[in-house]
Amino acid sequence: MPTISFMADEDLKFMRLALELAKKAELKDEVPVGAVIVQDGEVIGRGMNTSIGDHDPTSHAEINAIREAAKLIKNYRLKDCSIYVTLEPCAMCVGAIQHARIGKLSMALRTPRRVLAEAWLISLVSKKLTIMQKLWVAS
Ligand SMILES: [Zn+2]
């Protein structure tokens with residue numbers, strides 16, 4: 001069972017970066033979701049939703065960030081990495097996070113109550129889960 005905690009200041013720094021990516025996606029008329037992958041305190045992958053522009057239903061922020069990170073470190077496993085996502089990941093992205101062996105998932109939530117609604121997700125992801133209440137809401 002993963003440990004669940006609220007985000008520390010360092011987590012917030014990466015989540016703000018993910019939120020910037022979400023805003024960028026919104027400006028391109030994409031679904032406003034951003035994701036950042038961090039290893040040893042450094043950002044190794046950034047992603048935002050590009051499904052509409054790419055004509056690709058799999059181009060979610062998390063998938064794009066995972067692809068970038070995996071290419072950078074030349075490894076399909078992202079062990080000892082964390083992913084910061086501005087929204088609860090969908091089933092496809094949960095699967096990808098699991099396949100990549102990402103150890104920590106940090107996500108912004110629409111409301112803290114969503115933690116309970118996302119219990120199925122929490123049981124799927126490994127080790128650690130940190131949460132924050134959403135800082136920014138798409139208009
Ligand atoms: Zn997704």
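Note on Asp80 and Gln98: the extension gain reaches 5.2 nm, defined as 0.36 nm multiplied by sequence separation minus the Cα-Cα distance. Greater than 26 Å separation of Cα atoms is the criterion. Which listed pairs, Lys28/Lys104; Lys13/Lys104; Lys71/Lys104; Lys24/Lys79; Lys74/Lys104; Lys13/Lys71, meet it? Pairs exceeding the cut-off: Lys28/Lys104; Lys24/Lys79.
Just so you know, all these numbers are worked out from the coordinates, no wet-lab data involved. Treat the numbers as computed from the prediction; the structure is a model and nothing was measured.
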